[in-house]
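Novice: After the structure tokens below, expect a handful of questions from me.
The values are calculated or read from the model by the stated rules, or taken from the named source; none is laboratory data. The model shown is predicted, which means the values in this text are computed figures rather than measured ones. Here the Cβ is made from the backbone with ideal geometry for all residues, glycine too, and neighbour counts use every protein chain on show. Side chains included, ligands, DNA and RNA excluded: accessible areas come from the protein's heavy atoms. Shrake-Rupley method; radii C 1.70, N 1.55, O 1.52, S 1.80 Å.
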Amino acid sequence: MSDLSGRTTLVVGASRGLGRGIARAFAEAGAPVVAVARTGPALAELAAASANIQTEVADAADATVAPSLLDQYEPEVLILVAGANPVMRPLQDQTWETFSVNWHTDVKIAFTWLREALLKPLPPGSRVVVVSSGAALNGSPASGGYAGSKATQRFIAAYAQDESRRAGLGITVTTVMPRMTPFGDVGRRGVRAYAARSDQTEETYLKQLGELLTPEMAGSALVDLVRADPATTDPEYLLSAAGLQKLP
């Protein structure tokens with residue numbers, strides 16, 4: 001898959017942040033990109049930047065969307081970036097409804113799309129990338145159930161990889177866990193909350209994070225991942241400004 005021309009790439013959650021950077025990177029690498037999100041104007045702006053991008057305005061958590069779009073476009077690359085903005089409050093200030101918001105979106109999206117990728121199934125040699133979060137490893141005490149939902153995405157991706165192997169489908173599923181970055185709605189909320197939690201300014205807190213992961217960096221890293229031989233790739237990676245890093 002080193003040559004991405006003709007390799008239809010479907011990016012779920014492409015209208016903003018890392019998802020937008022990923023969609024643009026694949027388009028620039030020559031892949032026909034289908035950008036999926038709920039926000040029509042942002043998708044239209046994205047499509048205007050590249051003739052390789054077409055858009056679908058849809059709710060990725062709607063169980064009817066995944067089978068419909070997978071049947072319509074038959075992608076060889078599927079990248080799941082979509083999710084909800086967590087409610088940034090300490091545990092005692094959460095309600096069950098605010099605490100569980102990412103379970104009803106992020107987890108449901110991973111479950112629904114991976115299930116459909118296996119049932120269809122995607123063509124042999126297809127690549128699926130689930131973009132989770134570094135919070136899946138480190139926790140996130142100010143964002144309710146966010147970290148747990150991202151850890152569950154990681155588990156679901158591993159289950160899907162095992163089912164692909166058991167059925168001989170030839171689909172490779174990889175989890176990528178980005179570090180916190182302000183270049184997206186979730187990251188901006190996190191920076192604001194954790195800076196306040198530690199009595200720091202946002203600028204001071206960001207300096208502690210070191211070099212920041214940008215959408216362009218994320219896009220470049222995922223293009224390299226999908227181009228690589230699946231036999232040489234790990235099932236999970238951390239993602240920072242330094243690129244993809246194997247778990248210890």
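Results for (1) part of a helix (DSSP H, G or I); (2) under 18 Å from the mean Cα position of the chain (by Cα), shown as yes or no for each residue.
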position	(1), (2)
164	yes, no
187	yes, yes
190	yes, yes
199	no, no
219	yes, yes
223	yes, yes
226	yes, yes
239	no, yes
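Novice: Here's a follow-up. Could you grab me the full set of residues in region 19-67 that are among the aliphatic types (A, V, I, L, M) and in a loop (DSSP other than H, G, I, E, B)?
Specialist: 29, 31, 49, 51, 58, 60, 61, 63, listed by residue number.
Novice: Here's another thing I want to ask about it. So in region 185-224, with the set limited to residues that are surrounded by fewer than 20 Cβ atoms within 10 Å (Cβ to Cβ) and among the hydroxyl-bearing types (Ser, Thr, Tyr), which one is nearest to residue 130 (Cα to Cα)?
Specialist: Result: 220.
Novice: Residue 22 versus (1) open to solvent by 50 Å² or more (accessible area, probe 1.4 Å); (2) within 17 Å of the chain's Cα centre (by Cα): which is the lone unmet condition?
Specialist: Of everything listed in (1) open to solvent by 50 Å² or more (accessible area, probe 1.4 Å); (2) within 17 Å of the chain's Cα centre (by Cα), residue 22 misses just condition (1).
Novice: How many residues does region 81-110 contain that are of a type in the set (D, E, K, R) and open to solvent by less than 40 Å² (accessible area, probe 1.4 Å)?
Specialist: Number of matching residues: 1.
Novice: Can I ask one more? Could you please give the count of residues in region 166-185 that are of a type in the set (Val, Ile, Thr) and in a loop (DSSP other than H, G, I, E, B)?
Specialist: Residues flagged as of a type in the set (Val, Ile, Thr) and in a loop (DSSP other than H, G, I, E, B) within region 166-185 amount to 2.
Novice: Same structure again: Restricting attention to region 1-19, report how many residues are within 23 Å of residue 187 (Cβ to Cβ) and open to solvent by 50 Å² or more (accessible area, probe 1.4 Å).
Specialist: The total comes to 1.
Novice: May I ask you to list the residues in region 201-213 that are in a loop (DSSP other than H, G, I, E, B) and touching a Leu at 6+ places or on another chain (Cβ under 9 Å)?
Specialist: Residues satisfying the conditions are 212, 213.
Novice: It is to be established whether one or more residues within region 120-140 are more than 22 Å from residue 234 (Cα to Cα) and part of a helix (DSSP H, G or I).
Specialist: No, region 120-140 contains no residue that is more than 22 Å from residue 234 (Cα to Cα) and part of a helix (DSSP H, G or I).
Novice: Given the criteria among the aromatic types (Phe, Trp, Tyr), open to solvent by less than 40 Å² (accessible area, probe 1.4 Å) and outside any loop (DSSP other than H, G, I, E, B), does residue 113 qualify?
Specialist: When the stated conditions are applied, residue 113 passes them.
Novice: Additional query: How many residues are open to solvent by 20 Å² or more (accessible area, probe 1.4 Å) and either in contact (Cβ under 8 Å) with a residue 12 or more places away in the chain or within 20 Å of residue 195 (Cα to Cα) (or both) when one looks only at region 164-178?
Specialist: Final tally of qualifying residues: 4.
Residues checked against (1) over 20 Å from residue 171 (Cβ atoms); (2) at pLDDT below 95:
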residue: 8; (1), (2): no, no
residue: 39; (1), (2): yes, yes
residue: 43; (1), (2): yes, no
residue: 56; (1), (2): yes, no
residue: 60; (1), (2): no, no
residue: 86; (1), (2): yes, no
residue: 96; (1), (2): yes, no
residue: 100; (1), (2): yes, no
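Novice: Here is a further query. Can you name the residue in region 116-163 that is closer than 18 Å to residue 193 by Cβ and free of Cβ contacts under 8 Å to residues at least 12 places away in the same chain and, of all such residues, is least open to solvent (accessible area, probe 1.4 Å)?
Specialist: 139
Novice: Let me ask something additional. Those residues that are open to solvent by less than 10 Å² (accessible area, probe 1.4 Å), among the β-branched types (Val, Ile, Thr) and within 18 Å of residue 116 (Cβ to Cβ), I need them from region 32-80; list them, please.
Specialist: If the condition is that a residue be open to solvent by less than 10 Å² (accessible area, probe 1.4 Å), among the β-branched types (Val, Ile, Thr) and within 18 Å of residue 116 (Cβ to Cβ), then 34, 36, 77, 79 are the ones that fit.
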